[in-house]
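Have a look at the structure below, then the notes.
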Amino acid sequence: MANGEPRPDYAAAVIVVIARYQALPGRGDEVASILAGHLAQTRAEPGCVSFLVNRAEDDGDRFVLYEQYADDAAFLAHRESPHFRENVQNRIVPLLAERYWERYELIGPVAGQPPAG
């Protein structure tokens, strides 16, 4: 934060990731099917706060994943999990024309936690 101010307690640890997938033409249904199973496995992870899979209305081959993890350790555990390796690295990546993700800093209270102050 600016001027060396500490981050608010309610957002201090949460990791937000937005991943974007563009499937190869016509491969969106396969990607969606794999993501459906991956979604359930990821939501079962102890450090997963939220995991949402979205498919574009105007392009069935385009996806956006919105992910929240309790902290860096939870995010790393997700990326090192057997289901991530199998579903994403081994099965989804070969079906993609493009894949990238970005990390964000959460601003505002986490659901179920009161604002600081």
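Readers should treat all values here as calculations from the given coordinates under stated rules, not as data from a laboratory. On a predicted model such as this, the values are computed, not experimentally measured, just so you know. Don't worry about glycine lacking a Cβ; one is built from the backbone with ideal geometry, like all the others, and counts go over all protein chains shown.
Packing, as the average of other Cβ atoms within 10 Å across residues, places the peptides 93-101, 71-79, 59-67 in the order 59-67, 71-79, 93-101, highest first. Normalising the Debye intensity of region 11-105 to I(0), with uniform scatterers on Cα atoms only, and taking log10 at q = 0.11, 0.16 Å⁻¹ returns -0.29, -0.62.
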